[in-house]
Amino acid sequence: MTTETELMLKGYGLTTAEMFYHLPDFPHVINTFVWQDYDLAPDHAKLLGFIAFWRDEIEGPLHSVRFCHRKMIGPGEWRHVTGEFTYH
């Protein structure tokens, strides 16, 4: 299993999507659902996979999806520290 830090170092960023969907019993009512996962831009394969899952398995049809993607760190922004020196 890959850790979140390893994913971020490989270029993944946190993708947050807000799904607007119609309630099955009340089609004129729109509800929201928030989804988050680490995904690669610009393809967003995990997000598109979740939307496909929603269309196939969830009864409430999607009205719209709003999302944002934030790359947390890159390989040049992280460094491995092997020791620590404390001075009083």
Item to check | Simple label model, 7 Å out from Cα along Cβ direction - residue 45 to residue 20, nm | outcome: 3.0 nm
Next on the checklist: Quick check: pseudo-label points 7 Å beyond the Cα along Cα→Cβ at residue 29 and residue 67, how many nm apart are they?
Outcome noted: 2.8 nm
Checklist entry - In the neighborhood of residue 13, defined by Cβ-to-Cβ distances under 9 Å, what is the net charge if each Lys or Arg adds +1 and each Asp or Glu adds -1? => result +1
Checklist entry - Given a Förster radius of 35 Å and the C-beta distance between residue 5 and residue 56 as r, what FRET efficiency does 1/(1 + (r/R0)^6) yield to the nearest 0.05? => result 0.60
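Here, each number is a calculation from the coordinates, and none is a lab measurement. Keep in mind it's a predicted model, so treat the numbers as computed, not measured. Note that we place each Cβ from the backbone using ideal geometry, even for glycine, and neighbour counts take in every protein chain shown.
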